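Structure record follows, encoded as structure tokens.
The values are calculated or read from the model by the stated rules, or taken from the named source; none is laboratory data. Given the structure is predicted, the values throughout are model-derived calculations rather than measurements. FYI the Cβ positions are ideal-geometry reconstructions off the backbone, even for glycines, and counts take in every protein chain you see.
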Amino acid sequence: MTTHVSVVLFTADLRVHDHPPLRAALDAADAVVPLFVRDRAVEAAGFTAPNRAAFLDDCLADLDAALRERGGRLVVRSGDPVEEVCRVVTEADADEVHMSAGHSAFAARREERLRAALEASGRRLFVHDAVTVAVPPGVLTPASSDHFAVFTPYHRHWDRTPLRTVVGAPRRVPVPDEVTGEELPVPGATVEGTSPALPRGGESRARAQVTAYWRDGLDAYDDTRDDLGGDTTSRFSAALHFGTLSPVELIHRARRRGGTGAEAFVRQLAWRDFHRQVLAARPDSAHADYRTQHDRWRSPRAAGADIDAWREGRTGYPVIDAAMRQLREEGWMHNRARLLTASFLAKSLYVDWRIGAAHFLHWLVDGDLANNQLNWQWMAGTGTDTRPNRVLNPVTQGKKYDRDGTYIHRWVPELRGIGAPSVHEPWKLPGPDRAAVDYPEPVVDLGEGLDRFRRARGKQP
């Protein structure tokens, strides 16, 4: 009796729940090879930062455990993904390969190479869409362009687009014995250079996180999501980046729940898809201005001291410093804080957004090329923002979103003895009180920074 084998190539979809490629592979064959390939070229290029490497190790170990519960296991290889997939196909005598669609230029090249290599040997590649996103790039387009450049009309169409049905996790995943892989990472093992309070990864933890958030946080999301001190956001971003949670499943569940909190939560997932369709249509926006403002940014040499102060959380602006210290400690930052720190670097200090984006990508466990780069461009005024010259004042924003100073006190311990509102402007403390606080003076006067930015953009007040 002939045994038909399929290969499932896992990429940014490290889960067993709502995984259409895994389901299709099981339906098409008697056995499957669940495969993950560590791309050494990606690691050599520096795209695998320590925080994401550690989180990935957890995700792979958890995925292997989930497959073993179903009679299977995860095969991990290292090398060129196309070469390794073809080796596994030969070893297993597989008929076809299933994988999720990627939406970056890199993913498109990988898919093209893999398809050509498999077809040359008489095998087929099946690429499944709407696995790592809810609405894939290219599905929604305006009449005059290949993508939406403004979020509001995109969201209006996105919100009316039917989503695919959620696929249940398989009960059994039979894997052929002859295909072997590398030893899997030990969950929670130390990776050099990681943040001290880095969260653990894996689908089982992510699903438990969803259960807790649905119980305690979702209904109030619209009212509390900007509260820096309350820290009541879902923190699903890392799980979505690695695909241990399905955006489609989250949207279906939130819509069934209903309410303003669920609506606001779903809107954030629409932003995620929006950025992917922009990057898919304009791949160079990962490193080049989407809409140039002809900026002549301060050189890294001239702005070096200010850049260092921003990276290290010692700018003299408490809410900025709190956010930058949270980033290093947790490998994560509150979304409101991401906007504030980006505005401060790009507009108050007038430093190239790419410098800030690279720093974020080094530390963020959810460091996602589309979201990170295009959010930075949005805040720098070189992206899709329809108000490119807006500047967020860190003092007024701090008073609004960290009213009692809880967030600042948590991350800037030298200011814990100072209550609000003074904690937002410690340089205004009376002389003896100010002298007793070991905290730097502001690196820039906000008014002077605003004037410099307006002159540079040709926007005199």
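Helices (runs of 4 or more DSSP H) fully within region 337-443 that include at least 1 residues being at pLDDT below 95: 369-380, 431-435. Considering region 362-391 alone, what residues qualify as being crowded, with 19+ Cβ neighbours inside 10 Å and hydrophobic (A, V, I, L, M, F, W, C)? If the condition is that a residue be crowded, with 19+ Cβ neighbours inside 10 Å and hydrophobic (A, V, I, L, M, F, W, C), then W363, L364, V365, L369, A370, L374, W376, W378, M379, A380 are the ones that fit. Residue under question is A288, and the condition is that it be among the aliphatic types (A, V, I, L, M) and either farther than 30 Å from P136 by Cβ or part of a helix (DSSP H, G or I) (or both); does it hold? No.
Taking region 198-218 as the range and being free of Cβ contacts under 8 Å to residues at least 24 places away in the same chain and of a type in the set (K, R) as the test, only R215 passes. Do any helices (runs of 4 or more DSSP H) lying entirely in region 170-242 carry at least 3 residues that are charged (D, E, K, R), and which ones are they? Qualifying helices (runs of 4 or more DSSP H): 203-216. For P81, the stated conditions do not hold, so it cannot be described as at pLDDT 95 or above, over 28 Å from V173 (Cβ atoms) and surrounded by 19 or more Cβ atoms within 10 Å (Cβ to Cβ).
Within region 21-29, is even one residue among the basic types (K, R) and more than 17 Å from V75 (Cβ to Cβ)? Yes. Got a sec? Which of F151, F106 is under 21 Å from the mean Cα position of the chain (by Cα), of a type outside the set (A, V, I, L, M) and within 24 Å of H334 (Cα to Cα)? Going through F151, F106 in turn, the sole match is F151.
Residue-by-condition table, conditions (1) at pLDDT below 95; (2) under 24 Å from the mean Cα position of the chain (by Cα); (3) not assigned by TED's automatic domain parsing to the domain that holds H103:
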position: D13; (1), (2), (3): no, yes, no
position: V16; (1), (2), (3): no, yes, no
position: P21; (1), (2), (3): no, yes, no
position: A24; (1), (2), (3): no, no, no
position: L35; (1), (2), (3): no, yes, no
position: D39; (1), (2), (3): yes, yes, no
position: E43; (1), (2), (3): yes, yes, no
position: A65; (1), (2), (3): no, no, no
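For region 33-85, a residue qualifies if it is more than 26 Å from R109 (Cβ to Cβ) and among the small types (G, A, S), and the qualifying residues are A54, A61, A65, A66, G71, G72.
Considering V133, V139, V127, the condition of being in contact with an Asp or Glu (Cβ under 8 Å, 6 or more places away or on another chain) and part of a loop (DSSP other than H, G, I, E, B) is satisfied by V133 alone. Touching a residue at least 40 places away in the same chain (Cβ under 8 Å), in the same structural domain as F453 (by TED's automatic domain parsing) and under 22 Å from V133 (Cα atoms): does that describe L349? Taking the combined requirement at face value, the residue does not satisfy it. Whenever a residue of region 281-304 is under 13 Å from W378 (Cα atoms), its partners that are β-branched (V, I, T) and in a helix (DSSP H, G or I), lying with C-beta atoms within less than 8 angstrom and at least six residues away or across chains, give the pairs S285/V278; Y290/V278. When A309 is tested against the conditions (1) closer than 26 Å to T152 by Cα; (2) out of contact with any helix residue (DSSP H, G or I) (no Cβ under 7 Å at 6 or more places or on another chain); (3) crowded, with 19+ Cβ neighbours inside 10 Å, the lone failure is (1).
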